[in-house]
Amino acid sequence: MIKHLSKISGVAAFAVLASSASAEVKLDDNFTIDGYAIAAAAKNEASTDKESFFSSGDKMLDAVKLALNGTSGDFKSRVSVFSVPSDSTATNNSESTTNLLDAYVTYTKGEIALTVGKFNNYLGYESFDSPNNAFMTFGPADNIGYVASYATGAKLDYTTKEFATGFSVRDSLQGDGFFKGDGDFSDDIGTEVYFLYTGIEKLTVFTGMGYQNTDGPTAKDLYTYNAWAAYALTDKLTLVASYANTSDFVSFSYTLQASYALTDALSVAARYGAVDGETALFTGNASSNYSEYGVAGTYTLTKNFSIKSEVNQKNFVDGEPDALFYAVQGIFKF
């Protein structure tokens, strides 16, 4: 990925995305804005047939994001809001379809950066922001392989030309839905740590893990782990392998992906992955094990607008119906 604007500030300079992130619009010497709007026509042919036209209820398909960035000396700040369709299940039990995502301040001195506020997790190859990925949907490893989300806390990052590392303390690892933590620092505190290496030309390697000390007589502590590697085989072809697991939830999951730039305007990607789960992963499906394969393509019409298409299929184990998904999406970025 070229950068994960809303995912990890310390690793941002090293990531290798399949498409470029949204460009910032300068307001003055201290403030910029960035964001995007995405809308898709999609169909999911599964046991419960579902089709949508700009109303999928999925943050990867239909959403609007707006962020304000501030800079003053060694301090940087970011505040972003994220809106999904009114019938969205992506709000994860939230009463509102508009969610505050980033709300943090970062102080940088040399190679060290201290961030305090609300921010996203370290884990995962694919960006939270779907327009920055080769696919609309997440691969198995990034979709359900690890547990982590936006939360409130503090993190410390150390970045050099060849590696980056960081540590965070958050109100929770698995919070109240994806967009926020549990808001309680008295128990169930979450921590994350990562290490990223770029000392070998064209290769990026990441490893990270999260831990949550879960209280309660029958509760179990939560562990989650993610590792990925991206290699630019040529100027046009990038290969990615990602692995993740979570205690008492996913024994293992992986994604293998290849992205290829046919022209400056047109890129294609293919992926394969699988999940070995310990609980039912999707509502209505008793099976927790599946494999997935898919293809996607993105055509950039202007620097601000592109069209993305995707076809993928999940093959469930234990007799569950396979799920075929296909969609076309318009992406406006600024």
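Taken together, the values in this text are just the output of simple stated rules run on the coordinates, not laboratory data. Since we're looking at a predicted model, the values are computed, not measured. Methodologically, a virtual Cβ is constructed for each residue, glycine included, from the backbone with ideal geometry; neighbour enumeration extends over all protein chains shown.
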Only counting other Cβ atoms within 10 Å, I'd like 303, 314, 202 sorted with the fewest neighbours first. 303, 202, 314
For residue 107 and residue 241 in one chain, what is 0.36 nm times their gap in residues minus the Cα-Cα distance, to one decimal in nm? 45.0 nm
Sort 125, 299 so the one with the fewest other Cβ atoms within 10 Å of its own Cβ comes first. 299, 125
Cα coordinate range in the range 25-333, projected on the principal axes (Å, largest first): 56, 54, 43
Just tell me which lysines come within less than 17 Å, Cα to Cα, of residue 43; anything on the same chain fewer than 8 places away is out. 59, 308, 314
Proximal lysines relative to residue 109, as straight alpha-carbon distance under 29 Å, when same-chain residues fewer than 8 apart are discounted: 3, 7, 26, 76, 118, 155, 161, 180, 202
Need the full-extension length gain, residue 266 to residue 232, defined as separation in residues times 0.36 nm minus the C-alpha distance. One decimal, nm. 10.5 nm
Could you name the aspartates and glutamates in cross-link range of residue 303, using Cα to Cα under 14 Å and dropping any fewer than eight places away on the same chain? 24, 34, 264
Fewest to most Cβ atoms within 10 Å: 196, 301, 239 sort as 301, 239, 196
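Given R₀ = 22 Å, what would the calculated FRET efficiency be for residue 156 paired with residue 207, taking r from the Cβ atoms and rounding to 0.05?
0.80
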